[in-house]
Amino acid sequence: MRTEIKKLVDATNRIDHAYLVKGRSMAVKPNIVVLLYALSDDGELSQSKLHNNWLLPLSTINTIVRECRDAGYITLEPIPGKRRECYLRLTPKGRKFADFILAEIHAAEERAMRETTEKFSAEFVDALEFYADAFHRALKRNGNGDE
């Protein structure tokens with residue numbers, strides 16, 4: 001079982017590394033790629049959702065939000081009832097930039113998904129989600145979970 005777990009962790013790290021390398025090859029900071037990716041999928045995000053769902057430190061979020069706002073890529077809109085929290089949204093300029101940066105990434109993701117599902121079926125995604133949930137449950141039972 002340890003062999004399979006090691007292979008899974010290694011594969012996950014290689015996937016993360018591929019995103020990092022692609023962003024760098026386009027002279028875009030990796031965390032800005034994460035922000036653009038998250039906003040291109042969700043349309044709007046709060047800083048706390050970006051922190052929780054994408055695992056970016058709050059100090060990093062503050063830095064990339066400031067850079068992207070200053071470049072005209074995103075707007076910040078205060079969330080009613082939240083004193084210091086804002087929604088982040090892409091501007092039209094930001095959408096164009098995100099589409100440009102993410103086009104090759106999305107194409108590679110789709111190509112890889114097609115190849116993988118042809119060989120293993122789409123159930124592999126469900127299995128990976130199940131594993132992630134089971135792992136979190138196991139950590140919580142041991143008192144080490146973060147939620």
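Listing for the model above:
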read-out: Answer residue from segment 106-121, given it is farther than 23 Å from residue 27 by Cβ and among the aliphatic types (A, V, I, L, M) and is most open to solvent (accessible area, probe 1.4 Å) among those; value: 113
read-out: Flag if residue 103 is closer than 16 Å to residue 35 by Cα and either part of a loop (DSSP other than H, G, I, E, B) or open to solvent by 50 Å² or more (accessible area, probe 1.4 Å) (or both); value: yes
read-out: Which listed residue, of 110, 115, is modelled with pLDDT of 95 or more and within 20 Å of the chain's Cα centre (by Cα); value: 110
read-out: Residue list for segment 1-19, restricted to those being among the β-branched types (Val, Ile, Thr) and open to solvent by 80 Å² or more (accessible area, probe 1.4 Å); value: 3, 15
read-out: Residues that are at pLDDT 95 or above and under 30 Å from residue 133 (Cα atoms), drawn from segment 66-92; value: 88, 89
read-out: Hits in segment 20-29 - residues which are at negative phi, small (Gly, Ala, Ser) and open to solvent by 30 Å² or more (accessible area, probe 1.4 Å); value: 25
read-out: Any hit, segment 122-136, residues being closer than 25 Å to residue 32 by Cβ, part of a helix (DSSP H, G or I) and open to solvent by 80 Å² or more (accessible area, probe 1.4 Å); value: no
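The values are calculated or read from the model by the stated rules, or taken from the named source; none is laboratory data. Note that the structure is a prediction, hence the values are computed from the model and not measured. Reconstructed Cβ throughout: ideal geometry from the backbone, glycine too, with neighbour counts over all protein chains shown. Surface areas here come from the heavy atoms of the whole protein model, side chains and all, with no ligands, DNA or RNA. Shrake-Rupley method; radii C 1.70, N 1.55, O 1.52, S 1.80 Å.
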